[in-house]
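What follows is a set of notes on a single structure, which appears directly below.
Every number in this text was worked out from the coordinates using simple rules, so none of it is lab data. Quantities reported herein were computed from a predicted structural model and do not represent experimental measurements. Here the Cβ positions follow ideal geometry from the backbone for every residue, glycine too, while neighbour counts run over all protein chains shown.
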Amino acid sequence: MRYVAPTRAAFDRRLLGVPPLSRWAFAHDLLGSDHWPDVAALNALPGRDAGRTFVTQDVALLSDGLHYEERIANHGAIATRADNWHDLLNALVWLRYPALKRALNARQMVEIALMGRKQRSRPQCALTHFDEAGLLVVLSDPAMLDAWDVHDWHGLFWRHRDAWLRGDARVEVFGHALLEHALTPDTLLVGKALVVMGDASVDVAQLCANVISDGSILRDPQELRPLPVSGVPGWHTRTDEEAFYREAACFQPLRAGRTYPPALLG
């Protein structure tokens, strides 16, 4: 079933106080306002990528016949629908993670040159999955990666609970569709993760942007690890209950034959 975000009037502003939306404090005025920001307001925000401008998506814009990614690469124009959560959140991700967004756009352009505007390659699917539902995860303990490899969610989140609470394990939500789903209370969020083994000093966004740019990752959707991010302590109302990690529908077992690539090294 297609997800339908709440109206702006119906949006529960209390969600701005809990992850993942609490991690986007720079945008709380825009997210919590009674009114939609227009592209002029978005373009006035600090952090906008040089050479990239948010433009209103309308019939006139689309009449150029360009692919969405071509318009960004060739004209620096990020098509943004008015009064739309999905596109507003996409704009906020551009402001927070410009290097990652540029890397994805450049890789998409390589694939469009190969496939044309209508066909999609496996790398394009991987790039799009990460763009929409991506997570950036840093772990310092190999035992946590071992638990993740076999979908031992109780082990990853409950036995290693202190690591998440101390910040030895951390996650950042990059995908704007995942952030959109977070607009609905008590949603069980599952994202598509890239994982880095490292410490608190790792600039996970820049590291991932570098390896995406050189084409060494995101060549196939199967490279992305599913992560029920609602299991991170404090991200859901039930994460203080051990039974949550046994019962919640988001904690799926490993599919037979499924394996994951090694973590990136920070």
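A few notes on this one:
- Quotient of Cα Rg and 2.2 N^0.38 Å for the chain, N being how many residues it contains: 1.02
- Relative contact order of segment 128-265, defined on C-alpha pairs under 8 angstrom at six or more residues apart (%): 33 percent
- Under a 5 Å amide H cut-off, with hydrogens placed 1.01 Å from N, Val18 pairs with nothing among residues at least 5 apart or on other chains.
- This model, with +1 at the C-beta of Lys and Arg and -1 at the C-beta of Asp and Glu, gives the chain a dipole about its Cα centre of some 440 debye.
- Folded to 0 to 90 degrees: helix 85-96 orientation relative to the chain principal axis, Cα: 80 degrees
- Unit charges on C-beta of K, R, D, E only; dipole of segment 15-97, Debye: 320 debye
- Helix 98-115 axis, angle to the chain major axis (alpha carbon atoms, nearest 10°): 70 degrees
- The H on the amide N of Thr53, modeled in the peptide plane, is under 5 Å from the matching H of Ala77, Ile78, each at least 5 residues off or on a different chain.
- Diffusion coefficient, µm² s⁻¹, Stokes-Einstein with Kirkwood Rh over alpha-carbon pairs of segment 89-157 at 10 °C and 1.306 mPa s: 110 µm²/s
- When segment 15-97 is reduced to its Cα atoms, the Kirkwood hydrodynamic radius in Å: 13.5 Å
- Residue (of Ser63, Pro20, His75) at the positive-pole extreme of segment 15-97, dipole from beta-carbon charges: Pro20
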